[in-house]
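The values are calculated or read from the model by the stated rules, or taken from the named source; none is laboratory data. As the structure is a prediction and not an experimental result, all values here were calculated from the model. Neighbour counts are summed over all protein chains in view; Cβ atoms, including those assigned to glycine, are modelled from backbone coordinates with ideal geometry. Calculation scope for accessible area: heavy atoms of the full protein, side chains included, ligands and nucleic acids excluded. Shrake-Rupley method; radii C 1.70, N 1.55, O 1.52, S 1.80 Å.
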Amino acid sequence: MPLREISFTLPNRPGTLAGVARILAQDRINVAALSVDSAARTGHVRLIVSNPERATELLSRAGYDVEVREMLAVRLEDRAGSFLGVLDALARARVNIQSVAILVAREGNQPLVALSASDLARARRVLHKAGFASPVAEGLVSNEELLAGAPTIPSESVGLHL
């Protein structure tokens, strides 16, 4: 099963994000990556969670309009500029990046980053050829493995129970 990100907007006021975290925590949905930004009266949240189907169901029931997007996991060297190689490879292939999330999981000592793109199949081919993406990296951080606490993921990197 591919790695998926969910995103939605919420009112920009105190306690709203806590309400979302409470919904997920009550169902023991694990968060592997979180991005929140806001402007004026609206906030935008992007999450990579252990069970995106259930999270989507719960958040939709709570009144949020949730979108789901497939992502690709890539591994990077733990040094300055390593993500630039990913960006350059995709730019040369004219693939537009839609979102990026730094994951709490690692492949060995290499940090993992998830990204979505305008043409994910092409992005996957380009990044495999360039040596960034691997089936191991994508499998390591699948939503299902996060939920199951698979032994391939170090326990200190499983994620956050908000």
Going by what's in this entry, would residue 127 be described as crowded, with 17+ Cβ neighbours inside 10 Å and modelled with pLDDT of 75 or more?
yes
Cβ contacts < 9 Å: first residue hydrophobic (A, V, I, L, M, F, W, C), restricted to the range 29-44; second residue open to solvent by 70 Å² or more (accessible area, probe 1.4 Å) and assigned to a strand (DSSP E or B), any location; separation 6+ or different chain. Result?
31/160; 32/160; 33/102; 34/160
Please verify whether residue 29 is under 16 Å from residue 2 (Cα atoms) and either modelled with pLDDT of 85 or more or out of contact with any helix residue (DSSP H, G or I) (no Cβ under 7 Å at 6 or more places or on another chain) (or both), treating the condition exactly as stated.
no
Subset of the range 84-123 (residues that are over 23 Å from residue 6 (Cα atoms), open to solvent by 20 Å² or more (accessible area, probe 1.4 Å) and either of a type in the set (Val, Ile, Thr) or modelled with pLDDT of 85 or more (or both)):
84, 85, 88, 91, 92, 94
Sort out which residues of the range 82-116 are in a helix (DSSP H, G or I), out of contact with any Leu (no Cβ under 9 Å at 6 or more places or on another chain) and more than 20 Å from residue 46 (Cβ to Cβ), and write them in order of number.
84, 88, 91, 92
